[in-house]
1. With the structure loaded, tell me whether SER48 is at pLDDT 90 or above and part of a loop (DSSP other than H, G, I, E, B) or whether it fails that test.
2. Does the range 74-93 contain any residue that is modelled with pLDDT of 85 or more and acidic (Asp, Glu)?
3. THR15 fails exactly one of the following numbered conditions: (1) in contact with a Phe, Trp or Tyr (Cβ under 6 Å, 6 or more places away or on another chain); (2) at pLDDT 95 or above; (3) under 20 Å from SER93 (Cα atoms). What is the number of that condition?
4. Give me a count of the residues in the range 25-43 that are in contact (Cβ under 8 Å) with a residue 24 or more places away in the chain and within 18 Å of VAL91 (Cα to Cα).
5. Return the only residue of GLU45, GLU72 being among the acidic types (Asp, Glu) and crowded, with 18+ Cβ neighbours inside 10 Å.
6. If MET55 passes every condition in (1) closer than 19 Å to VAL92 by Cα; (2) among the hydrophobic types (A, V, I, L, M, F, W, C); (3) part of a helix (DSSP H, G or I); (4) touching a residue at least 12 places away in the same chain (Cβ under 8 Å) but one, which one does it miss?
7. Residues to consider are VAL97, VAL57; find the one that is assigned by TED's automatic domain parsing to the domain that holds ILE16, closer than 30 Å to GLY31 by Cα and either at pLDDT 85 or above or in contact with a helix residue (DSSP H, G or I) (Cβ under 6 Å, 6 or more places away or on another chain) (or both).
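The values are calculated or read from the model by the stated rules, or taken from the named source; none is laboratory data. Just so it is clear, the structure is predicted and the values come from calculations on it, not from any experiment. Cβ: placed from backbone, ideal geometry, glycine included. Neighbour counts: every protein chain shown.
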Amino acid sequence: MKDAPHSVDVHVGKTIRIKRLMRKVSQTELGDRVGVTFQQIQKYEKGSNRVSASMLVEIAGALEVDVRSFFEDLAPQGTANDNPTPSEEFVVSRDGVLLNAAFLSIKNEQVRKKIVKLVQAIAGMELAEGEAAE
């Protein structure tokens, strides 16, 4: 039986995925850039295969990011959250990353605030409809 992935490997893998999606790079394209298959990139992103230090440097170069960025927001050892909340899961999902990247590309702060208010209003409407249906 294989041991569960280490929390650091999972964190680094999720960060690779986020940075790759934000740069609109496919797993195949990233794999081609660093000399591995897209399946290997999938395994790195899931944390099921550990990324070597040299490969992490290669991936950072391919994505044009600082290698240290893969370790930002890393929980101290012994405090890792093995049960992410639904919002944490959404943030690292494809939709979450793409939505965040698109939202951050909007330069007008007033437009961003209006979008947030719109989404909050829609969520409030759906909550109210759900309560009425029960």
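1. Details: at pLDDT 90 or above: yes; part of a loop (DSSP other than H, G, I, E, B): yes.
Yes, satisfied.
2. Within the range 74-93, the first condition is being modelled with pLDDT of 85 or more, and the residues that meet it are none.
No, there is no match, as no residue in the range 74-93 is modelled with pLDDT of 85 or more and acidic (Asp, Glu).
3. The single condition THR15 does not satisfy is (2).
4. Selection size over the range 25-43: 1.
5. Details: GLU72 fails: crowded, with 18+ Cβ neighbours inside 10 Å.
Of the residues listed, the single one that is among the acidic types (Asp, Glu) and crowded, with 18+ Cβ neighbours inside 10 Å is GLU45.
6. Going through the list (1) closer than 19 Å to VAL92 by Cα; (2) among the hydrophobic types (A, V, I, L, M, F, W, C); (3) part of a helix (DSSP H, G or I); (4) touching a residue at least 12 places away in the same chain (Cβ under 8 Å), MET55 breaks only (1).
7. Details: VAL97 fails: assigned by TED's automatic domain parsing to the domain that holds ILE16.
None of the others qualify; the one that does is VAL57.
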